[in-house]
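Everything below concerns the one structure shown next.
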Amino acid sequence: MLATLGKRLVTVIPTLIGVVIVTFLLTRVLPGDPAVYFAGPAATPQSIADIRKSLGLDRPLPEQFARYVNDLAHGNLGNSLSTGRPVATEITSRLPASAELTLLGLILSLVIALPLGILAAVKQGSWIDHTCRVVATAGVSLPVFFTGLLLVYVFYFQLGWSPAPIGRLDAFATAPPQITGFYLFDSLLTGNFETFRAAFSQLILPALTLGIFSLAPITRMTRASMLAVLASDFVRTARASGLDNRTVILTYAFRNAMLPVVTTLGMVFSFLLGANVLVEKVFAWPGIGSYAVEALLQSDFAPVQGFVLTMAVLYVALNLLIDMLYGVIDPRVRLEG
Amino acid sequence: MDSRTDLMSLPAETSEGTASRPLLEVQDLTVEFATRRGIVRAVQNVNITVAKGETLGIVGESGSGKSVTSYAVMRILDRAGRIAQGSIAFSGLDLQTVPESEMRDMRGREMSMIFQNPRAALNPIRKVGRQIEDVLLQHAQVDSGAVSERAIETLEQVRIARPRERYHAYPFELSGGMCQRVVIALALACRPQLLIADEPTTGLDVTTQKAVMDLVVELTRERGMSAILITHDLGLAAAYCDRVMVMEKGHVVEDAASGTIFKNPSHAYTRKLMRATPRPGVSLRGLLPEQEQPRADQTKTVRRTSSSTASDALLVVEQLVKEYPRKDIPTSLGKIFSRKPPVETETFRAVDGISFSIAHGESVGLVGESGCGKSTTSMMVMRLIDKTSGLITFAGDDIGEIPARSFATLPSRKKIQMVFQDPTDSLNPRFTAARAIADPLLRLGGLGRGEVRSRCEELAMQVGLPLEFLDRFPHQLSGGQKARVGIARAIALKPDLVILDEPTAALDVSVQAVVLNLLQDLKDSLGMSYLFVSHDLNVVRLLCDRVIVMQTGKIVEQGPTERVMEAPEASYTRDLLAAIPHPPL
Amino acid sequence: MTETTLNASAATALKPARNSIFSHAKYVIAENPVTGMAFALFALIALAALIGPYIVPHDPLASGTAASLKPPSFAHWFGTDQLGRDIFSRVVVATRLDFIIALASVALVFVAGGFAGIAAGFFGGWTDRIVGRISDTIMAFPLFVLAMGIVAALGNTVTNIVIATAIINFPLYVRVARAEANVRRDAGFVQAARLSGNGDFRILLIHILPNIMPIMMVQISLTMGYAILNAAGLSFIGLGVKPPTPEWGIMVAEGAANIISGEWWMALFPGAALMIAVFCFNLLGDGLRDLVDPQRRT
């Protein structure tokens, strides 16, 4: 297992190199003078020239790249123009908020999507199957920011069940001490149930928004691959040898049907991390997405670049995890990889 | 639990007065399928009886309803199908009245089934030993402590070498024949009374086929079981079964002891099917139904010229080698998106220094089991892939040196053509039959648009394709018609050499008989040479003057067909010949 | 099972070609009336994009402070925004811009991704490796995040939204085209075409491309919805389209602030329009897939 992990890690390297090159190119080569961005809207030609020099933009491209990589190696993502604070510190402190939101969203959607997809396939043509089809098609059509706003309108304005969408905690609660950075865990670990309740009530709507968003692709894929597997020869063999429904569906069909679903999870993560940005904006969530959006509107490029890089590295790591998971399920990959 | 004791007591109860009662008795069975074009009756008014210890063969071509019948017996029809009429009694128990839970209990324990394509019939991500255990535990054959020993024992009984290691194997680590043994082990693990084998050897090599069939027969005899063998191969059924039933379009047309079915077939369809089955001692013409015997005026044209001009070689192949880099089996993950490391490559010789020649007007058979390199050889001669080393000389030209990529547009291209294995796959779905036949004429034939149509019609007549079919698309043609289009396309440019790559493997046996005869007629009238690639010595014998036997990339034997068939020199050829099922004649 | 399908296909084999395509289309629509509905909806959206600006009751840009933030009424079907602009007119007029963005980006990626994918699948080797590497690198980013980065770097314009949307869809098109070309590379009919004297280029153009087109069309319809969502998402966070241009994403963003004070109509109507458009394209894609490739129905 360790050897396979090692091999997989090696294969990640070219991908990471690609990611670093792309993020570098995003600022340096494409049209639009980065120095103008960095100098801000009120810049004079002189100040732009100064910034160009101080950023090393007057140097040849390979040298700039070497400097960029060197900075990265030292954990330096540059400084934000508007706040003056280092981007790396800002992203590290905001990352748990985004991660907590995304993970809860994913868990919510898995808990609903997997059983729904399985039932729809097993009882093909039943009402549950039709529900599943509607959910799958309607779900992918919902703009995630629109779902969020609808939820806010219904649950905050109309019903008053949830608090105002103003971040991770309302004004009266105090943040739990930093342990994992996840408020739900930290408040439980310190036994602060009041804070847990407050954090949870803030978290549930945005997480639900993300959950609804990723529900569709997972349900769709689960149903489709369950249907394919249920029609396969080996399930027929299992039925012909008299295995009971539970064994046929769970041990034989479901585990095989999970293979394409796990592959789809990669795509789902890609959607989720993107949707995260929009959801954070709707719910004023203090994560890295809203940080990047604020910076973007002020043409403050260092945070945006840091954000894109962080997201890409996270995503590569998640894909690695998915690959490993795939290997756990499928012996063909495990034994040959 | 109740049902179990019920069934356990059945044999005892029945043995008293009704020892002669059949194990399985199907009466007036009709199975319907709901399709988008309305109800289709796949099986109509079928009666089957299988006595205890009897082996019954059900033979039919595709669409005859033979598999559906067996699914109905097991009650594993898919949701679109239902038993519309009739009764199925197993040990006197009416299966239609049995609740599903009890039926499930009976599957695997009282009656079980083995399938075509054994690798797909096993769960790809579960160890084979565990899959056998699942069945054993389901039917409470053994308690969980001893179950793995029992599973290993079961593997041993189907002659799997080193069963203790194989227990931990996954299906992808086993060969096709080995997988079929595991499927048999699964089916027989709980010692059922009835085994239904649905095309158990289709897709397996002949030698593997023989081993698998021998094993099935031996195990069922040894245990006094009844068995139903479902197959398209009349010879196979007759060789291994006590009694043979023939089905056509959902009806049983014949039911007789296998000894008599070849001697005295009563139904016209059986006679046709029987005649069409290639077997020793029968000529190519003898495959056709009596009323369709070749019209005397047609066959009188050019006779075989091979013996007279054998020295005049059309194609000479010398020391031909093809190496491939060895690669891992690609997984289901999309290749571009997988982040796997490139696998270290090591070469593997698909074709290992072979030499042979084909004379003008001669037809040569290239025979071997899957993976022996016969297809690779034909592709190299065809100039579709490049050789690694060796010489390919065609009509005096060294065509082996010309890269496959540029060969396509050369004039020599006209001289070597091919008929492909799968008639469906080899026709562009967006081209009509006429457009497919016209393609070579337009590209290489130098004909104008106007002339092409008349030439197409001429070719269609030559291959016996009715002219009104020329404007149809492949999905509107039957398998035999598609095969004719493929042949017309291959002979359109009047080639000197045609490679036939298992041209009848995807066809039903009666269609195969017609196509083989057509190929012979065309060769006689056009004077072409054939290189006939096949796995089936019986078929090769009918059409070829000489035969080359290949094994693992090498030629093990070559010589005149009659000599090789009657006095094979290589032991591998003897194995191949011995593996062909010999029906009682 | 297989036996009956064989029977059924034998029955279809007797009908002439054109007729069977139509009857199949009819069958698909009859079987799934939703697909018929999607076609109707698509016609409506296309109509709105074509003639919308000429038929709307109000000028989408005209503001009247007197009538600001009014709920839907007979005069203003969808209500008015904080500047008193008619939301119905703005929603209808926005159709064209959203439609053009989606169409342009999909057309761009169809040509680039389709070509690269077919070449990669057909030729393999280096072409495949280079195309694969490019797709891999794009796929290494969460796609929306990459689009944000690209628009931020290239400049905040509608053209760049189109380009960014095309780039992030590139790997999807490459994957489909590559897989389809790859399975056909060694198909019997392609080899037969070679034997008939067709060179590589002709084979690609005459034999492979027409067989891949239907599947690519399905892909187009499926990604159109995604392209619209993506463009709207970018303008929702303030990229690309600038106020006061009517566009669904930016209108939802403008209405977002008013949701918590109960003025739901500002965000609801453009959001619903966006949803319906995407829904329509997704249904259309599913319907087309059933039409083209009945085996791959989900």
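Take the alpha carbon gyration tensor of the stretch B:537-585, find the square roots of its eigenvalues, order them as a ≥ b ≥ c, and report rounded if a/c is under 1.5; if not, report prolate when a/b exceeds b/c, else oblate. Oblate, because a/c is 1.5 or more while a/b does not exceed b/c.
Distances between placed amide hydrogens fall under 5 Å for B:Ile58 paired with B:Leu229, B:Ile230, B:Thr231, B:Met245, all partners being 5 or more residues away or on another chain.
Of the residues B:Ile499, C:Ile100, ranked by 1.4 Å probe accessible area with the largest first, the sequence reads C:Ile100, B:Ile499. Legend: distances between Cα atoms for B:Lys322/B:Lys554; A:Lys53/A:Lys281; A:Lys281/C:Lys70; B:Lys272/B:Lys374; B:Lys415/B:Lys554; B:Lys210/B:Lys272; pairs beyond 23 Å are A:Lys53/A:Lys281; A:Lys281/C:Lys70; B:Lys272/B:Lys374; B:Lys415/B:Lys554; B:Lys210/B:Lys272.
Peptide A:147-156 is shielded by partner chain Cβ atoms: per residue, an average of 4 of them sit within 10 Å of its Cβ. Once both labels are positioned 7 Å from their Cα atoms along Cα-to-Cβ, the gap between B:Val282 and B:Arg349 label points is 4.0 nm. Stretching the chain fully between A:Arg246 and A:Ala43 yields a gain of 66.1 nm (0.36 nm per residue, less the alpha carbon separation). The overall shape of the stretch B:75-121, judged from the alpha-carbon gyration tensor, is oblate: a/c is not under 1.5, and a/b is no greater than b/c. Mean-square fluctuations from a GNM of chain C, with a 10 angstrom spring cutoff on Cα atoms, peak among C:Gly113, C:Gly124, C:Gly249 at C:Gly124. Ligands, DNA and RNA left out, the accessible area of the protein assembly as shown computed with a 1.4 Å probe is 61% carbon and sulfur. Geometric descriptor of chain A, per residue, is 186 Å³ (volume of the convex hull of the Cα atoms). Close amide H contacts of B:Val547 (hydrogens built in the peptide plane, cut-off under 5 Å, sequence separation of 5 or more or a different chain): B:Gly365, B:Gly559, B:Thr561. Against the main long axis of the alpha-carbon atoms of chain B, helix B:2-15 sits at an angle near 90°. Helix C:158-185 axis versus longest C-alpha principal axis of chain C: approximately 20°, rounded to the nearest ten. Simple point charges give the picture: +1 on the Cβ of Lys and Arg, -1 on the Cβ of Asp and Glu, and for the stretch B:197-251 a dipole about the Cα centre of about 140 debye. Ranked from largest to smallest solvent-accessible area, with a 1.4 Å probe on the protein heavy atoms, B:Val556, A:Val134, A:Val12 come out as A:Val134, B:Val556, A:Val12. Computing FRET efficiency as 1/(1 + (r/R0)^6) for A:Leu159 and B:Ile76, where r is the C-beta to C-beta distance and R0 is 51 Å, gives about 0.50. A dipole drawn for the protein assembly as shown from +1 and -1 charges on Cβ atoms has a positive end, and of A:Val277, C:Thr95, B:Gly365 the residue lying farthest that way is C:Thr95. Across the options B:Leu155, A:Gly306, B:Ile354, the greatest Cα extent toward the positive end of the charge dipole of the protein assembly as shown (unit charges at beta carbon of Lys, Arg, Asp, Glu) belongs to B:Ile354.
Taking all protein chains as shown and a probe of 1.4 angstrom, A:Thr180 keeps an accessible surface of around 70 Å². Taking Cα atoms, how many degrees apart are the long axis of helix A:87-122 and the longest axis of chain A, rounded to 10 and kept between 0 and 90? Compared with the principal axis, the helix lies near 20 degrees. Each of A:Gly139, A:Gly105, A:Thr195 was scored by the projection of its Cα onto the charge dipole of the stretch A:96-286, and the greatest displacement toward the positive side belongs to A:Gly139; charges sit on the C-beta of Lys, Arg, Asp and Glu. About its Cα centre, the stretch B:10-142 has a charge dipole of approximately 720 debye under the convention of +1 per Lys or Arg Cβ and -1 per Asp or Glu Cβ, with nothing else charged. Accessible area per residue (1.4 Å probe, heavy atoms of protein chains only) ranks B:Tyr530, B:Tyr240 as B:Tyr240, B:Tyr530, with the largest value leading. The residues of the stretch B:117-191 expose, per residue, 38 Å² of accessible area to a 1.4 Å probe. A Gaussian network model of chain A, with springs between Cα atoms under 10 Å, assigns the largest mean-square fluctuation among A:Thr251, A:Thr219, A:Thr137 to A:Thr251.
Whole-Hz Karplus values for the stretch A:287-301 come out as x, 6, x, 5, 4, 5, 5, 4, 4, 4, 5, 9, 6, 9, 7 Hz, taken residue by residue from phi with 6.51 cos²θ - 1.76 cosθ + 1.60 and θ = phi - 60°; glycine and proline positions read x.
Values of log10 I(q)/I(0) for the stretch B:117-191 across q = 0.15, 0.25, 0.27 Å⁻¹ run -0.40, -1.15, -1.34, by the Debye formula with one identical scatterer at each alpha carbon and no solvent.
For the stretch B:117-191, relative contact order (Cα pairs under 8 Å, six or more residues apart, normalised by length) works out to 46 percent. Between A:Thr92 and A:Ile21, full extension at 0.36 nm per residue minus the direct alpha carbon distance yields a gain of 23.4 nm. Spin-label pair A:Met324-A:Ala175: with each label point 7 Å from Cα along the Cα-Cβ axis, the two points sit 2.9 nm from one another. Take the Cα of A:Ser126, step 7 Å along the line toward its Cβ, and report every residue of the stretch B:79-99 whose backbone nitrogen sits under 16 Å from that point. Under 16 Å, as judged by backbone N against the label point of A:Ser126, lie B:79 of the stretch B:79-99. Taken across both chains, chains B and C shield about 3900 Å² of accessible surface from a 1.4 Å probe. Taken per residue, the accessible surface of the stretch A:169-216 reaches 49 Å², heavy atoms only and a 1.4 Å probe. Computed with every protein chain present, the accessible area of B:Tyr572 is close to 30 Å² [probe 1.4 Å].
Charge dipole of the protein assembly as shown (Cα centre as origin; +1 on each Lys and Arg Cβ, -1 on each Asp and Glu Cβ, all else neutral): 1420 debye, rounded to the nearest 20. Computed from backbone phi with θ = phi - 60° and the Karplus coefficients 6.51, -1.76 and 1.60, the 3J(HN,Hα) list for the stretch A:183-200 is 4, 4, 5, 4, 5, 5, 4, 8, x, 8, 6, 4, 5, 4, 4, 4, 5, 5 Hz; x is used for glycine and proline. Within the assembled protein chains, the solvent-accessible surface assigned to B:Phe348 is about 90 Å², based on a 1.4 Å probe. Highest mobility in the GNM of chain C, judged by mean-square fluctuation with C-alpha springs under 10 Å and restricted to C:Met216, C:Met37, C:Met224, is found for C:Met37. Modelled spin-label separation between B:Asn264 and C:Ile55, with each label point placed 7 Å from Cα along the Cα-to-Cβ direction: 8.2 nm. When accessible surface is computed with a 1.4 Å probe, chains A and C are found to bury approximately 4100 Å² between them, both chains counted.
Here r is the Cβ-Cβ distance between B:Glu153 and B:Arg271 and R0 is 41 Å; the resulting FRET efficiency, rounded to 0.05, is 0.30. Between the beta carbons of A:Ala73 and B:Asp575, assuming R0 = 51 Å, the FRET efficiency works out to 0.20 to the nearest 0.05.
The values are calculated or read from the model by the stated rules, or taken from the named source; none is laboratory data. This one's a predicted model, so the numbers in the text were calculated from it and none came from an experiment. Methodologically, a virtual Cβ is constructed for each residue, glycine included, from the backbone with ideal geometry; neighbour enumeration extends over all protein chains shown. Surface areas here come from the heavy atoms of the whole protein model, side chains and all, with no ligands, DNA or RNA. Shrake-Rupley method; radii C 1.70, N 1.55, O 1.52, S 1.80 Å.
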